[in-house]
Amino acid sequence: MYKAYKFKLYPNDNQRELINKTFGCSRFVYNYYLSRNKEAGYKTPYTNIKDYTNNLKYEKPFLQEVDSIIIRKAIFHLDDNLKRHFNNNFGYPKYKSKYDKNSYMTSAIYGKYKDKNYCNIEVDLNKRVIKLPKLKEVEIRGYRNLDKINGRIINATISRERNNKYYVSVMVEVPDITKKEVREVVGIDLGIKKLITLSDGSIYDNNKYIEKYEKRIKRLQRELSRKEKGSKNYYKCKEKLNILYIKLSNARKYYLHKITKEITDNYDVISTEGLNTKSMIMKKDLSKEITDASFSEILRQLNYKSQLKGKYFYQISTYYPSSQTCSVCENVDKKYKNLSERTYKCNKCNNTLDRDFNASINIMFEGLKLYMKEVFN
């Protein structure tokens, strides 16, 4: 099992210059072999690495100033994107731009010298520094209540956000967590009016962060459209817009992490509906609200946090009619396909419940079925 720790980086001027140079080299190699692929057809990553080793690094000496692992990672990253395209999962890869989010990954290399174990990536939370290839020790902040990172370090990803702040994400391998004794079970219904409804009656409101930032974003977008592209004022305005986007993203992330932490702390079997968010976003009348609600991010966080805490997490079938089924007698009434029907009243047993609460109870029972199959089969 893998776990990532993300820290904020505080590089000095020399380290910042080397990080930016590494971003540029990684981007250059990615774009170079993407162009080669368009011109000459698909080449395996090993062919591209051989070409880089024998030719490109001598033609472009600046590539030798950065960590060689990063160059290989960029070539394999391009190959992954090409394979996704060939499998019809994604469009054709695009060229990377220096104005987008920049990042590079380096792998941990272990060795032994004079009976002392060595790794090129080390995190010291007492000194609040991280040792990285070529950069040496860089100041970090984050995880104030943590004394050390438990687990074997696999890799580190250094990134620069659009607001020019630097971060490092360290991935470690941790032992599998033993499942805990089941005491609390919950079903979760996701929605737009109420973001999360639990089967015990608890509700988490949808804060609709996009509405709080939308006016300011639109104003800056209008300003940006009036600037001459490539001018200093254009990039100043774009930087302001990027900062606003990051504030929106961070506010949303903080709220979602708070919710998912509470749920995974308090419940042992967690069941949610399986949502096809891509098709949901295609509906123009609800696309903005669904994107802002971040259903996929909620499910992703619940999944990995459940694994790390030894909890059970299940997603029921996308086509299970949780909102149309009575949670008492299991009668199905298709009129509740209509989202405007907010109160569920069974036409067979007269059970009357809030629509979302009724759906969360049904999801809980379906999750329990999956749990019983896993444990007793």
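The values are calculated or read from the model by the stated rules, or taken from the named source; none is laboratory data. The structure displayed is predicted, hence computed values, not measured ones. We place every Cβ from the backbone using ideal geometry, glycine too, and count neighbours over all the protein chains shown.
Points to keep in mind about this one:
- Residue count, region 328-342 (criterion: of a type in the set (Ser, Thr, Tyr) and loosely packed, with under 12 Cβ neighbours inside 10 Å): 1
- Region 286-318 - residue that is hydroxyl-bearing (Ser, Thr, Tyr) and out of contact with any helix residue (DSSP H, G or I) (no Cβ under 7 Å at 6 or more places or on another chain) and, of those, farthest from residue 268 (Cα to Cα): 318
- Test: residue in region 94-109 that is of a type in the set (S, T, N, Q) and at positive phi: no
- Only one of 203, 210, 177, 192 that is of a type in the set (Val, Ile, Thr), modelled with pLDDT of 90 or more and at negative phi: 203
- Of all residues in region 168-188, those satisfying the criterion of being closer than 23 Å to residue 259 by Cβ and under 21 Å from the mean Cα position of the chain (by Cα) are 169, 188.
- Subset tally (residues that are under 19 Å from residue 368 (Cβ atoms) and surrounded by 15 or more Cβ atoms within 10 Å (Cβ to Cβ)) for region 310-327: 12
- Number of positions in region 338-377 that are in a helix (DSSP H, G or I) and either in contact with a Pro (Cβ under 9 Å, 6 or more places away or on another chain) or in contact (Cβ under 8 Å) with a residue 24 or more places away in the chain (or both): 17
- Residue ID - nearest to residue 163 (Cα to Cα), chosen from residues in region 4-48 that are of a type in the set (Val, Ile, Thr) and either in contact (Cβ under 8 Å) with a residue 60 or more places away in the chain or surrounded by fewer than 19 Cβ atoms within 10 Å (Cβ to Cβ) (or both): 19
- All helices (runs of 4 or more DSSP H) inside region 222-297 with 2 or more residues being modelled with pLDDT of 85 or more and either in contact with a His (Cβ under 8 Å, 6 or more places away or on another chain) or of a type in the set (Gly, Ala, Ser) (or both): 232-266
- Residues satisfying the stated conditions in region 49-70, i.e. of a type in the set (Val, Ile, Thr) and touching a residue at least 12 places away in the same chain (Cβ under 8 Å): 49, 66, 69, 70
- Only one entry in 148, 96, 131, 127 is closer than 25 Å to residue 239 by Cβ and touching a strand residue (DSSP E or B) at 6+ places or on another chain (Cβ under 9 Å), namely 96.
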